[in-house]
Amino acid sequence: MNVKSNLIALTSFSIMMALSINSHAGQLLKCEKRTTGRERSRISVNIEDQTPGALYTALVTSKTNTAQSTRAANFAGKAEFDFDSNRKDVAAGATQITKNFIDGTVSVMVTDALGNVVEQDTMTCKIK
């Protein structure tokens, strides 16, 4: 391969990696607050590309409100943490939060069993 071909290949690879990182970052945290009808706060945290079988914990914060999940095992490189004020979702395994838990933005910090931060994010939540 000549220098020009190597440069094109390297540029293409760099673009693909940047797109991959950006798409992953957008999927770590989702949150929604309903203010009409049945009020509700709902947060979902999904991690990927971590050590299969390892244990992780998610800590979510919104202003002065904080909730921590139970430890979850990572299967096939993925783990999911749900936080909800809906009783049915809590009965199905979500960590309980109050209906007014979300106050504009939510931050999440995911740690491994040793307390090392493996993922973190902050986002403005959807208000319905």
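Rule-based calculations on the coordinates, nothing more; no lab input. None of the values given here were measured: they were computed from a predicted structure. A quick note on method: Cβ atoms are made from the backbone with ideal geometry, for glycine too, and the neighbour counts reach across all protein chains shown.
List of remarks:
- A cut-off under 11 angstrom between Cβ atoms defines the neighbours of residue 62, and their net charge, with Lys, Arg +1 and Asp, Glu -1, is +1.
- Greater than 18 Å apart at Cα, pairs in 33/78; 33/128; 30/128; 99/126: 33/78
- Estimated inter-spin distance, residue 105 and residue 88, nm [label 7 Å along Cα→Cβ]: 3.3 nm
- Working from Cα pairs under 8 Å separated by at least six residues, relative contact order for the range 29-127 is 32 percent.
- Protection-proxy order for peptides 59-69, 118-128, each taking the mean of Cβ atoms within 10 Å per residue, highest first: 59-69, 118-128
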